[in-house]
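Asker: Before anything else, here's the structure in question.
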Amino acid sequence: MEKEISYNKVELFENIKEADLDKLLGCIRSFKKDYQREQTIYMETDSIPYVGIVLSGSVHMIKEDIWGNSSLFTFYGPGELFGESFAVQKDISSSVIFKAAQDSKVLFLAAANIIHTCPNACAFHGQIVTNLFHLLGCKNQKFINKIEILSKGSIREKLLAYISQLAFEQKSKYVSSPLSRVALAEYLSVNRSAMIRELSKMRDDGIIDFDKDTFIVKDGTHGKEHKRDSKK
């Protein structure tokens with residue numbers, strides 16, 4: 001299993017002194033748990049009393065229909081929260097499945113102990129609530145980005161939107177994708193073979209290059225090809 005992310009890089013703990021973290025983790029009843037690749041963390045009907053933070057590995061949020069067909073809704077990497085939208089609601093069970101996409105370690109925090117006032121009046125408690133609301137807003141933006149990708153009409157446009165968003169987040173033209181080809185096709189809701197063919201065409205057209213899960217955005221071609229593809 002890969003090395004755990006340091007707590008000072010977890011946005012939920014931003015502006016909380018390192019000396020206060022042990023008190024904080026005790027106050028909100030935290031615990032860690034390891035998961036093997038493909039192991040389910042939460043089932044679709046489970047109640048979710050804990051907010052999860054990925055310390056290493058990655059977690060996928062998956063939605064299944066009545067026939068058992070699954071789709072990858074979104075994904076979480078080290079430092080990111082998951083399950084908080086369900087955990088902060090009253091008597092609401094999960095309507096999705098959370099699964100470890102690779103060997104992962106998760107830190108769980110009791111949601112009730114985060115959102116309710118601490119009887120000890122801990123100075124850092126208000127800060128973690130503020131951070132949580134900020135991250136909920138960021139999560140909404142991530143879902144908006146997913147809607148933008150799925151709204152594109154062609155496989156090429158979806159790939160361009162996905163790679164463009166990663167390039168913006170990573171501030172680089174050398175983009176590391178957290179998704180395998182299988183997971184990416186599921187995330188984009190496209191046929192995997194057709195997606196792989198389109199990636200090869202995009203490379204031949206000089207829009208991108210790629211090596212395994214790394215994409216290289218070529219200079220001066222992205223906008224032209226995107227515009228040309230939109231006219232088809």
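Asker: Residue by residue through the stretch 143-174, note down the ones that are within 25 Å of PHE82 (Cα to Cα), open to solvent by 40 Å² or more (accessible area, probe 1.4 Å) and not acidic (Asp, Glu).
Answerer: PHE143, ILE144, ILE147, LEU150, SER151, SER164, PHE168, GLN170, LYS171 - these are the residues of the stretch 143-174 that are within 25 Å of PHE82 (Cα to Cα), open to solvent by 40 Å² or more (accessible area, probe 1.4 Å) and not acidic (Asp, Glu).
Asker: Considering each residue of the stretch 175-221, count those that are more than 26 Å from SER71 (Cα to Cα), out of contact with any helix residue (DSSP H, G or I) (no Cβ under 7 Å at 6 or more places or on another chain) and either open to solvent by less than 40 Å² (accessible area, probe 1.4 Å) or modelled with pLDDT under 90 (or both), and give that number.
Answerer: 6
Asker: How about the stretch 87-100: which of its residues are small (Gly, Ala, Ser), at pLDDT below 95 and under 23 Å from ILE66 (Cα atoms)?
Answerer: SER93, SER94, SER95
Asker: Restricting attention to the stretch 53-90, report how many residues are out of contact with any Gly (no Cβ under 9 Å at 6 or more places or on another chain), farther than 19 Å from PHE143 by Cα and not acidic (Asp, Glu).
Answerer: So the answer is 6.
Asker: Which residues, taken from the stretch 15-71, are open to solvent by 90 Å² or more (accessible area, probe 1.4 Å) and touching a helix residue (DSSP H, G or I) at 6+ places or on another chain (Cβ under 8 Å)?
Answerer: Hits for the stretch 15-71 are ASN15, LYS17, GLU18, LYS23, ARG29.
Asker: Looking at the stretch 159-190 only, could you name the residues that are in a loop (DSSP other than H, G, I, E, B), closer than 19 Å to GLY57 by Cα and aliphatic (A, V, I, L, M)?
Answerer: Correct list: LEU179 only.
The values are calculated or read from the model by the stated rules, or taken from the named source; none is laboratory data. Please read all numbers here as calculations on a predicted model, not as lab measurements. Every residue, glycine among them, receives a Cβ derived from its backbone with ideal geometry; neighbour counts consider all protein chains shown. Heavy atoms of the whole protein, side chains included, go into the accessibility calculation; ligands, DNA and RNA do not. Shrake-Rupley method; radii C 1.70, N 1.55, O 1.52, S 1.80 Å.
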